[in-house]
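Would you mind keeping the following structure in view while I ask a few things?
Read the figures in this text as sums done on the coordinates, not as results from a lab. What you see is a predicted model, and the numbers here were worked out from it, not measured in a lab. As a convention, Cβ positions derive from the backbone with ideal geometry for all residues, glycine included, and neighbour counts pool all protein chains shown.
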Amino acid sequence: MHATTLQNSKPELKRVEREVSRAVAMVKRGFHKEKVVKRLRGGRGLRPELIYEVARCRLHAREKFGPLAEKLFFDEEGLRYATPAVVAEYRAERLKCDVIADVSCGAGAQLVFFAMRCRKAYGVELNEERAKLAALNVASLGLENVEIIVGDATGDAAVKRLKDAEVVFSDPSRPPGEEVRTIESLQPPPLKIVEKYQRITEKLAFELPPQMPPERVRRWLAGEKEYTSLNFQLNRLALYMGELAECDVSAISLPSGERVTSEDAAAELEAADAPKAFLYEVDPTVVKATLLRNLLGKLGLEASVLSEDKRRTLLTSDEEASSAFLRRYRVLELVNFGVASIKEALKRLDARKVTLRFSLPPSEYWSVRKRLEEGLSGERWIHLFKIKDKALLAERLSPEDQL
Ligand SMILES: C[S@@+](CC[C@H](N)C(=O)[O-])C[C@H]1O[C@@H](n2cnc3c(N)ncnc32)[C@H](O)[C@@H]1O
């Protein structure tokens, strides 16, 4: 298969931008797709339907890209898989080098951050339209050090073009709806990328499905498995190979940048009989990375496990500690898990609002919460947890209250 370099998009940028802005205005005014598409002229070989898609994505891209969204071009799939700006910036800083190649660059969300950190960045993309969007994103941000190649990254033609890459990075597509994530179904296949690019560089890095536990990754590839948390949620799993690896497993919390690794000495962790003064909710990222004991060791926090299920791990301790990987609460009361006893406790505690922090069907959340909040006239905001057959009422300590 051929590997073609895309022309610089700078000359067409203004015209395409004008078309996208027209489409955004029409979408905002509630025009139907057919009407918008009919009035568009397209641009830079982009179909009017794609311009319409770009316009719709502009309206949703703010969540991932903040104010930058107004300058960016995405198709729907490209936006769904685009790396959020905070993560892309971190990844680019960690992979900073002279020449980097992003061999499955999509619409280029990660690529533009690589270009801001490295002297030169290559982007390879199989889908020609998405590659054009990546070129528009590069031009829109005024970057002049990017070469975008349309083609199959596993083909010899592409490999030959990237001979001067110091780091090769790939964030492959995942087929939707797979029950257990495996490495074989990713596109381009990471094992094939390793086979093809190892001759050029040992410094390879991948984004893998974050639900994969470390031992499953280990079966296929060696290197540092870095689980990334964004705002207390598991967001990404990166694999760093060769000299890029700094340890076996790590977890990073963004935006704070706090990190824990398998090199941090692990603390003991036992089951708790009863809640102590503080309750700690653990970021699921640390649990997935199997680094909870290392985190406690690093913090010097003596804690025990109060409850653990698929969604939530709760620790308890008499000690106070501050970490971006832990949400801290002050334990207030433990009562029977029944509406009457919970309501009595809420009144005693001068509550006004109650956040439910146990698993229940989403459709029932607000009706249960409303029932518990009915008649409350106090001041405090209580968090309600379920520990076996008991209700634990606690108060969240904001990061400013911590230590
Ligand atoms: C998950 S997306 C990348 C998103 C990108 N990291 C970002 O932040 O915008 C993966 C991309 O890989 C592309 N792809 C799949 N197989 C490929 C191949 N063999 N060569 C090059 N690109 C490929 C897909 O078309 C898709 O756009």
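Relative contact order of region 1-209, please, whole-number percent, based on alpha carbon pairs below 8 angstrom and at least 6 residues apart.
Relative contact order comes out at 20 percent.
Moving on. When the Cα centres of region 1-29 and region 139-165 are compared, how far apart do they sit, in Å?
Going from one Cα centre to the other spans 20 Å.
Can I ask one more? Within a 10 angstrom radius of the beta carbon, how do Glu125, Glu246, Glu364 rank from fewest other beta carbons to most?
Sorted ascending by nearby Cβ count, the order is Glu364, Glu246, Glu125.
Given 10 Å bins starting at zero, what is the percent of C-alpha pairs of region 1-209 in each, up to the one with the largest pair distance?
Cα pair-distance distribution for region 1-209, in percent: 9, 35, 35, 17, 4, 0.
Using only DSSP helix segments of four residues or longer, with each worth -39500 (n - 2.57), what per-residue ellipticity at 222 nm results for the chain after dividing by its residue count and rounding to 500?
-9500 deg cm²/dmol
Angle, helix 48-60 long axis vs. longest principal axis of the chain, Cα atoms, 0 to 90°, nearest 10?
Helix 48-60 and the main axis of the chain meet at about 30 degrees.
If you bin the C-alpha pair distances of the chain every 10 Å from 0, what whole percents do you get?
Going from the shortest bin to the longest, the percentages are 5, 20, 24, 21, 17, 10, 3, 0.
Follow-up question, since we're still on this one. Which angle between 0 and 90 degrees, to the nearest 10, do you get for helix 339-348 versus the longest principal axis of the chain when only C-alpha atoms count?
So the inclination is approximately 80 degrees.
Set Lys and Arg Cβ to +1 and Asp and Glu Cβ to -1, take the dipole of region 270-401 about its Cα centre, and tell me which of Phe278, Ser317, Ile382 lies farthest positive.
Of the candidates, Ile382 comes out farthest on the positive side.
Something else now. Enter the Cα centre distance for the pair region 277-307 and region 36-112, rounded to the nearest angstrom.
Using only Cα atoms, the two centres lie 36 Å from each other.
In which sequence would Leu237, Leu296 go, from the one with the fewest C-beta neighbours within 10 Å to the one with the most?
The most exposed by this proxy come first: Leu237, Leu296.
Then there's this: Which three lengths, in whole Å and largest first, does region 206-290 cover when its Cα atoms are put on their principal axes?
The principal-axis extents, from largest down, are 44, 26, 20 Å.
Here's something else I'd like to know. Quick check on the exposure proxy: order Thr290, Thr261 from fewest to most C-beta atoms within 10 angstrom.
Starting with the residue having the fewest Cβ neighbours, the order is Thr290, Thr261.
Please list, ordered by chain and number, the residues whose modelled amide H lies under 5 Å from the amide H of Ala391; skip anything fewer than 5 residues away on the same chain.
Val335, Asn336, Phe337
Roughly how tilted is helix 128-140, in degrees to the nearest 10 and between 0 and 90, from the longest Cα axis of the chain?
Its long axis makes an angle of about 80 degrees.
So, one more: Would you mind working out the magnitude of the charge dipole of region 1-209 relative to its Cα centre, with +1 at each Lys and Arg C-beta and -1 at each Asp and Glu C-beta, to the nearest 20 Debye?
For this selection, approximately 1020 debye.
Show me, bin by bin at 5 Å from 0, the whole-percent P(r) of region 51-101 based on Cα pairs.
Spelled out per bin, shortest first, that is 4, 20, 27, 19, 14, 11, 5, 0.
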